Structure formats: structure tokens, C-alpha cells
1. Given region A:166-229, what strands (runs of 3 or more DSSP E) lie entirely inside it while holding 2 or more residues that are touching a helix residue (DSSP H, G or I) at 6+ places or on another chain (Cβ under 8 Å)?
2. Within region A:388-422, take every residue that is at pLDDT 95 or above and not β-branched (V, I, T) and give me the one that is farthest from A:Y181 (Cα to Cα).
3. Among the listed residues A:R337, A:R333, A:R354, identify the single one that is more than 24 Å from A:F162 (Cβ to Cβ) and in contact with an Asp or Glu (Cβ under 9 Å, 6 or more places away or on another chain).
4. Say whether the condition of being part of a strand (DSSP E or B), crowded, with 24+ Cβ neighbours inside 10 Å and charged (D, E, K, R) is met by at least one residue in region A:235-242.
5. Can you pull out every residue in region B:88-107 that is touching a residue at least 12 places away in the same chain (Cβ under 8 Å) and in a helix (DSSP H, G or I)?
6. Can you confirm whether A:S380 is over 22 Å from A:S207 (Cα atoms) and of a type in the set (S, T, Y)?
7. Could you please find all residues in region B:37-94 being among the hydroxyl-bearing types (S, T, Y) and modelled with pLDDT of 70 or more?
Amino acid sequence: MLRRLSLVTAAMLLCLAGPAKGQLEIVISRGVDKPVPVAIVPFGWDGPGEAPIDVAAIVAANLERSGRFAALDRADMLQRPTTGAEIDFRSWRMVAVDALVVGQLQQSPNGDYAIQFQLFDALRGEQLLGYRLPVSAAALRSGTHRVSDLIYERLTGVPGVFSTRIAWVSVSRAGRADARYRLVVADADGENEQVMFESPQPIMSPSWSPDGRRIAYVSFENGVAEIYIQTLRTGDRIRASARPGVNSAPSFSPDGRRLALTLSRDGNLDIYTLDVAGQVLTRITDWPSIETEPVWSADGRTLYFTSDRSGNPQIYRVGSDGGRPERITFEGRYNARPRLSPDGRQLAVVHNDRGNYRIAVLDLARGSIQVLSDGRDDESPSFAPNGEMIIYATREGGRGVLATVSADGRVRQRLSSGGEDVREPAWSPFLLAN
Amino acid sequence: MARVRKRRLMGEINVVPYIDVMLVLLVIFMVTAPLLTQGIEVDLPKAASAPLDQPDELEPLIVSVDADGRLYLNAGDDQDLPVEAEVLRDRVAIVLGRVPETPVLIKADQSVAYGAVVAAMVLLQDAGAARVGFLTDPPPPTGRR
Amino acid sequence: MMPKRTVLLLVFSLFLAACAGRSGTAVDDPVFDDAVTGPGTATRGVGDRDFGRGDAFGDDVARPGPQGGVLDSRVIYFDFDRSDVRPEYTEMLQAHGRWLAANPQARLRLEGHTDERGTREYNIGLGERRAQAVRRVLLLQGVDSSQLVTVSFGEERPAVIGSDEEAYALNRRVELIYVQ
């Protein structure tokens, strides 16, 4: 019996298959002209045996990945202080670093850890920041990302996004009968990759809830497009919409209670909102063209969406309780899949730039479009919650890879994954500390 | 190739490095000490020289040679303790690698044997210093110690 | 061990029951699964109630539906960003339409697909539009609307992997799939 059961189980979808090895490797392909030189001195370790994690290396990698900092090579460190008192600032000025981080990782007798660090202005010798963060063994890595966030914010004035997460869809054996689709969630540095959901049928359009605890997505597991909402921590999921026809393009409202979505109840796609708990459906658009890819404004009062009512796809906006849609893109033949920047001033869109589908940002006040990416078939832009970066999918060597570009277009990175076809990245909101 | 050459230099330290250092790679200048209070305290030679024209705000590397010929460096840990020649060379090379225009100064006690100073210069040359300055005290014999 | 297994089975069968009850739900009825499964292994296993179904790939020799002649053609191709059925498919669709009208118990699934260009959700719309276009042609042949189901996969299930015109042309299609 058990054997049969496990066969059935094995044949079925596996939600939350648990940690997988981090597959994303990040390559900075273009950075700012003069990244700020910083030194992240190897942390001291106060505990038995070896330190469980190299805090300084992770912090340095995070800061470098932002494109705004260049971390000093460890071989170029003239000293290795672990407390502020041990620092000889001249030894750091001489190797031309502007800021310097020293710290210690400590283990308490009960097995928990504390990360203690100080950030200094190397030129003035002043402490800019000093923290002691207690973390559990399981949260060591996220605690280290938190340290990176604090340092980044102190040095740039912008909150760091190192402790956020990224969701995406990966496909193996794409286009074959035995294809496997996976909904994956990983830390913003590509590590700690976890498979949330796996299916032999396509998975699409992951969308984070505003609290970062749930993801809505489209799954074809029953042969048609249906919308599911899955809770990250437990892996529990509900089927939020499985109405006849297409159920697609889910997007959480800012209060997390409603979804904007696309249904094809009368044979073509229109935008609806759905009160998830009460299953109250409200029709927003009613037009014989394709209306899809809705996304909410931060105040929940406006929906931006794609419509080809003019003959080709363009971005429109409409009140979230309905009304008359207003077209907002006029530049180019193809503008689709809008995502709003956290400050509400820009829309990231897919824009057809002389035959290539590229990521562009639309300045909502001025109406101007700036192309940020340089691929042939770039898609699925998603803003980091601090608004500094946009992650998107591009194609390289015949398969999908993820890339990021700074919102000003200056820093570009490619996140390569080990041979998998990856697509539809979605950057989480800021996550509350656990 | 370069390695072989270095080894030969070290072997003939009495004559060749002097020529090599003086004529090929090193520009030597003298600096009046009061400007610089860093490094280990040594009894500097007395000589009239132009004040140091420091390149804009770059802090100089100062190699001190005490009366016993021991070396000190004003960078890294334990700056008041003597440092091994190799360590000193590595540290100077790191700094010059990051900031090539960093001034490099020798602050040798006037009683130090001439050979020890030359050895320090060779070491600095090896570390990539193209210019080495000598610190001196101003001539009046009442000058500070 | 035993209790765990029992719980697992229980949850699973409850879920199957719940699913069975849900099929054929009216349009305006809530379609909402409460948290049907708790944390643990059961949760992870539940959900693939339709593993292996709706597989539209390959040349299935023993495929269901009418056989012979033009009826063996089951794919309609489209021009870029278009959803109008080209005249060359009229004869084929008429044949399928006549056969469906004569076999009212038969069910046909129309799967719309696009090439990889453009956004994925917009392509879902485009695939649906293509499937609907084929559906309209068949309805004109006297096929009952209850015999037809449209599904759009957008660009998610390409027939051919590739980023050239040839692959694009083969991927812009509607597949006719007879359902037993």
C-alpha cells in the first residue's frame, strides 16, 4: 500500500521540494564608472571550530553586485582588525578605501549566533554604523544579508534589497513531452534556491503578495490556465480562480485581499478583480480586444494593463473599480506588461525597439520612454522594492536567463543558471525580519 | 627572467644596486623632517633640503631604519615593532599597487651603516617604488631629536 | 508510521472528492479551494490530479477522432500577430466540422499557441483569440458549442524550439485535439 501510495505521490506534483543547490551565478557585465572602494575585513569568529559562514565575503559580494561598490581584495588588506579599536585608519587610506567594515561572528552557548559589526568612514576615522544582530543558526545567511542592507543604506541613503527574494519559473526539457516546470524562490543573491511547486505542465506569471508571504501564479496542471495562491512558509496553496476559459495574469492588490486577473469568460480576455476570500468578482474592462497583464498602483485605486484595442498592444490605465480606460503609451508599436516602480513614477514595460523586444521605463509624468536592455526578446520586468534595479528575462544561447539593469540603465548584470531555461522573474517586496 | 635578474642583484649588493638604483630606477630626494612625525623615532642626518612637496594629500609610506638596522613601516599592525624585510616589501607593494603615486620615504638613523640603507632602498625598488625620499633634520645642530 | 500513512490517504481522498465535486462549476459560483491540505508530505503530493492529461505533443499514431484524408490534419498555422484562419485551411476545417456535427458525442479541444515573441500573458490572449477563430469556423459548420473547448497555452508549449522564422511559423498554431 505504502509503495503504491508513494508511486502515486511521486507521479504527482511536488510542492516545496525543499532546498535545491543555488544555481544562479551573477556576472556583472557593466558597472558604474567609479564604484566606491570599500573594505569588508574578514570577520572574527568567537566560537568552537570553524566559523559556519564567511560573513565578510557575503557582504562584499552583495555590495559589489549592486554595481556601486568595489570591495578590496583580501590580499590587499594591510591589517585584519575585527573591532574598531584595532583599526589603523592610515593603513586603509593608503590602499584607497573610503569605507571599512569590521566585525565578529559570535556563537552563544545555546547555539544561537550574533553578528556584530561596525562601519567606518576610512578618511575621517569616524564610525558610521554599529550593530549587534542576534540570529538563529537557520537565519545566519539572511542575517548577513540584513547586515549588507544596513551598510548599503548607510552608505547610499537607499535601503538595500539583499534580504529580499526573487521568484522565477524554470523549465527543463522545454518543448518536450517530459518537460518539467518549476516555480522557484531564492534569496536575492541567487542562493538558497527552493522549489515551491513543480509540474509537467506550464507555470506562469508568479506575483508576490504585498507582505511577501504568498505567491499567486498560473498553473496548467489541469490542462487549462488556473490561478493558485501558495503560502511560502508552509507550501499550502489554494485554487483562487478556475473559471471556464483563461484564468491568468494575477496581481495582488496593495492590501493583499484582492487579485487583479484576466478571464476569458466570453471568448476574449478582459480584466477583473477578485476578492480572494469572498470570491467576489468585479469586471473592470469589457472590450472585444485582448486586455491583460493588470497591475495595481500603490494606493490601490488604479490598474495599469495591456490592451490591443488600438490595433497593437499599448498600456492603459483604469480605476480599480472600473471606468473608462485611458491610454498612456504612444511611443512605438508594442508596449506591454507594465510593472510600477515603488515610487509610482515609472512603469517598466516590454517595448518593441526596432524589432527587438526590450525592457523600457515609461516616465508617467513626462510620457517619455527609455530603453534599458539590449536583448532581442527581453521580457517580464520587475522592480526591486527599493526601485534601484529591474530584473527581467532575456535569451542567451537559445535559452532563457535572468538579468538585472539599474533603473537608470547604467549597471547591468546577467544571472546565469546552470543550463536551465529560466523566465518570469518577480522581485519580492521588502520582507519583514523573521 | 625577471626572477633570475633579481637574484643576481641581491648577490652583488655592494656595487650594482647602487648604480642600478641611482641611475635607472630611483629618483632620490631629501625631505626636511619636521613635516613628518610618523614612523619610529630615529636620529636623522642633518642636511639642508627642500621641504617635501607631497602630492595632494597622499600619505607617504615611511620606512624607518633604526640604529641597529631594523626596519619599521607606518602601515599595518604593530607599527612600533620591527618588521621582516619580506613583509615590509609585500606591504609596500600592496600600497603601490593600489595607489602607485604614493610617496615612499626612508627615515634612517644617521648612525646606520650605509649598506643597511642601500638594502632598504633595494627592498623598496623591489616593491615597485620608482622614487624614494630620504628624511633629514634641518642643519642647525639644535634641531630636535 | 501507520497513522501518518492513514492521514496521508485521508487527505488525498478528501481532496479527490473535493475536486470531483467541483468539476462543471457554474461560471459565477465561487471556485475556491480552502486550504485543503496541511503542512507536511500530503500537501506536497496533492495537486497533480491530472498528471499526463492534455499532452498535445508528438504524432500519436492511435489518436482519437476521425481518421483519413484531410481529417488527419490537426494543426492550423497563423501569420505573425494574426488570428484569422487562412483560406487554405477551409477544406480541412469543413471536414472536421461535418464530422463533429455528425458525431455530437465527440468533443474537440482547440489549443491555441503563439511564437515566443512578445509578452507571455499577451500571448495567452493571442493564443485564445486564434483558438476562438477556429471555434467560430467550426460553429458555422453546425458543430454544437458544447462540443468545443478552447485552451490557450500562449508561448508556453512551443512545437519547435528555436528563435528563427521557421520555428516561429511552426509555433503559431491551433491544434485540434479530440477528447475521448
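The values are calculated or read from the model by the stated rules, or taken from the named source; none is laboratory data. Bear in mind the structure is a predicted one, so any value in this text is a computation, not a measurement. Here Cβ is always computed from backbone atoms with ideal geometry, including for glycine, and neighbour counts include all displayed protein chains.
1. On the way: elements: A:180-187, A:194-199, A:203-208, A:214-219.
Filter on region A:166-229 gives A:203-208.
2. Per the criteria, the residue is A:Y392.
3. Values: A:R333 fails: in contact with an Asp or Glu (Cβ under 9 Å, 6 or more places away or on another chain); A:R354 fails: in contact with an Asp or Glu (Cβ under 9 Å, 6 or more places away or on another chain).
Result: A:R337 is the single residue among A:R337, A:R333, A:R354 that is more than 24 Å from A:F162 (Cβ to Cβ) and in contact with an Asp or Glu (Cβ under 9 Å, 6 or more places away or on another chain).
4. Yes, region A:235-242 contains at least one residue that is part of a strand (DSSP E or B), crowded, with 24+ Cβ neighbours inside 10 Å and charged (D, E, K, R).
5. Residues of region B:88-107 that are touching a residue at least 12 places away in the same chain (Cβ under 8 Å), as a first pass: B:88-93, B:95-97, B:99-107.
The answer is B:L88, B:R89, B:D90, B:R91, B:V92, B:A93, B:V95, B:L96, B:G97.
6. Details: over 22 Å from A:S207 (Cα atoms): no; of a type in the set (S, T, Y): yes.
No; evaluated as a whole, the condition is false for this residue.
7. The answer is B:S64, B:Y72.
Residue-by-condition table, conditions (1) within 19 Å of A:W296 (Cα to Cα); (2) assigned by TED's automatic domain parsing to the domain that holds A:I215; (3) not in a loop (DSSP other than H, G, I, E, B):
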{"position": "A:G367", "(1), (2), (3)": "yes, yes, no"}
{"position": "A:Q370", "(1), (2), (3)": "no, yes, yes"}
{"position": "A:S373", "(1), (2), (3)": "no, yes, no"}
{"position": "A:S380", "(1), (2), (3)": "yes, yes, yes"}
{"position": "A:P385", "(1), (2), (3)": "yes, yes, no"}
{"position": "A:L415", "(1), (2), (3)": "no, yes, yes"}
